[in-house]
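For reference, the structure discussed in these notes is given below.
The values are calculated or read from the model by the stated rules, or taken from the named source; none is laboratory data. What you are looking at is a predicted structure, and each value in this text was computed from that prediction instead of being measured. Here the Cβ positions follow ideal geometry from the backbone for every residue, glycine too, while neighbour counts run over all protein chains shown. These area figures cover heavy atoms from the full protein model, side chains too; ligands, DNA and RNA do not enter into them. Shrake-Rupley method; radii C 1.70, N 1.55, O 1.52, S 1.80 Å.
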Amino acid sequence: LLYLAGWFTAPVRKRVRELLGVRGTFAALWQMFITFQLVTLAWVFFRARTVEDAFVLIRNMFINLDLPVRMLLLQMSTYLAFGFALVFVAVEFIAYWADKKGRNPVLIIPPLARYPAYAIGLLIMSLFGISSHEFIYFQF
């Protein structure tokens with residue numbers, strides 16, 4: 001369904017990009033941002049029991065933000081999640097930049113930095129990743 005929407009709107013999106021003069025890196029970053037937002041929205045519908053529940057969840061995302069923001073700032077897991085998200089965004093930028101240069105994005109990182117990063121990532125996943133024996137999608 002999303003593919004069909006993209007296919008039908010491609011000429012309109014191309015014309016808007018040309019009118020606004022959006023090209024290159026900014027256009028690619030904008031497309032990544034929009035894709036992320038659409039996937040996040042799709043997850044809401046995937047996990048909701050009914051379509052009505054999905055719309056209630058979406059509405060509640062944008063109203064009464066005071067309490068959730070205060071609660072998020074009190075939890076260490078929030079800081080860890082934001083830290084990991086920043087790391088992943090940095091890796092994506094490096095991979096995007098390396099791909100544009102025609103290089104392998106993994107191999108541009110020196111082995112002395114790459115292998116300890118692998119080890120730290122495995123350690124973090126083994127320490128914090130095991131919380132139950134349920135399939136991960138059932139935890140959402």
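Pairs are defined by a Cβ separation below 6 Å, a sequence spacing of at least 6 or placement on different chains, a first member in region 25-49 that is loosely packed, with under 12 Cβ neighbours inside 10 Å, and a second member that is of a type in the set (Asp, Glu); no pair meets this definition.
Exactly one residue out of 21, 6 is open to solvent by less than 100 Å² (accessible area, probe 1.4 Å) and within 23 Å of the chain's Cα centre (by Cα), and it is 6. Candidates 5, 28, 81, 54: the one that is more than 27 Å from residue 94 (Cα to Cα) and at pLDDT below 85 is 5.
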